[in-house]
Amino acid sequence: MNEDWDIDKIDERFFVHGRMEILDILTDLVFRDEPITVCFNGGGERRETRLLDARERMFVFDCDDAPETNQRLSESSRCVFSAFPDGIRVQFAATQISPIPWDDKIVFCAALPDRLARLQRQESFRVHFKPENAPLVRLFSADGVKLGQWPLHDISTDGLAITTDVADPLVFAQTIGGVAVTLPADYGDVDCGIALRHATVLNKEISGYSHRIGMKFSNLPIDMRASIQRYIIQSEYEKRRTEAGNNLDQDE
């Protein structure tokens, strides 16, 4: 059987089930204009396509130049999509492919998958910052009053953490209602509600700060989530490229 079709044999631990995380990954494929292989007709046919859009309930992908191929695709009871952004295999299945108008042509759409396989996935998609070069996070109370700004410790699509020296971090964190931070390298602004996750004691001699306050995003807009995702992926790419360069230098 075609390997691109056999998604059910992938180990369950590689599957993502959260709707927002699935949407993050598909949105990133859209922004990258990543080539995608769609396998259909019982695994007997495959062709190249690209995602055009990813929404809360569905995704949209381009159709083929051959009407006969499009017809067989729309009649297929199941399609499996495969992509390899940065060498990481992303794979998901869809049923009930439907044609829809898109600009001046017809393309296809399908319901957002309820699971997505991501092989060689990292345990945590998060970027960490050193205090000396960290962006400043602006925190606000629930009624919009600015509480101050502190260095960003880390960020993911789920939330962020700051480092601080406030006297009572737990009480302070409970007053926070909103957050705003500008991502490096023109990746955009994040501005949304926030909820306390943890307040952790740090070794001040090492970090320069007494506490780390972790917070979870609340109602983070899709475009901001996508910006964070792209920034994390680019940061990981730069990290790997630097590590590869260092390894080459050591070999010489």
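Less than 22 Å apart at the alpha-carbon level, and either on another chain or at least 8 residues along: which lysines does that give for K146?
Output for K146: K216.
So what is the orientation-averaged projected area of region 1-123, using the convex hull of its C-alpha atoms, in nm²?
Mean projected area of the Cα convex hull: 7.3 nm².
State, to one decimal in nm, how far the label point of L202 lies from the label point of F84, with both points 7 Å from Cα in the Cβ direction.
Distance between label points: 4.0 nm.
Using alpha carbon coordinates only, what is the Rg to Rh ratio of region 162-252, with Rh defined as the Kirkwood radius?
For region 162-252, the value is 1.10.
At 1.4 Å probe size, put D65, D165 in order of accessible surface, largest to smallest.
Sorted descending by solvent-accessible area, the residues read D65, D165.
Are there any GluC sites (Glu not before Pro) in region 56-120 that are in a DSSP loop and have at most 11 other Cβ atoms within 10 Å? List them by number.
Hits after loop and neighbour filter: E56.
Computed over the Cα atoms of the chain, what is the ratio Rg over Rh, Rh following Kirkwood?
1.06
Tell me, in nm to one decimal, what length is gained between A66 and T175 on full extension, where the rule is 0.36 nm per residue of separation less the Cα-Cα distance?
Full extension from A66 to T175 adds 33.3 nm.
Could you give each residue of region 141-148 its phi-based ³J(HN,Hα) in whole Hz, using Karplus coefficients 6.51, -1.76, 1.60 with θ = phi - 60°, and x for Gly or Pro?
Computed from phi, the couplings for region 141-148 are 6, 4, 9, x, 6, 6, 8, x Hz.
Based on the Cβ-Cβ distance of K130 and R57, what FRET efficiency does E = 1/(1 + (r/R0)^6) give at R0 = 51 Å, to the nearest 0.05?
0.80
What GluC sites (Glu not before Pro) does region 104-205 have in DSSP loop regions with at most 12 other beta carbons within 10 Å?
E123
Local charge sum around G18 (other residues, Cβ-Cβ under 11 Å, Lys/Arg +1, Asp/Glu -1)?
Combined, the nearby Lys, Arg, Asp and Glu give -2.
Please provide three numbers in whole Å: the alpha-carbon extents of region 136-204 along the principal axes, with the largest listed first.
Here the spans come out as 33, 31, 20 Å, largest first.
The values are calculated or read from the model by the stated rules, or taken from the named source; none is laboratory data. Predicted model only: the values in this text are computed from it and were never measured. Virtual Cβ from ideal backbone geometry, glycine too; neighbours counted across all protein chains shown. Quick note on the areas: whole protein, heavy atoms, side chains included, nothing else; ligands and nucleic acids left out. Shrake-Rupley method; radii C 1.70, N 1.55, O 1.52, S 1.80 Å.
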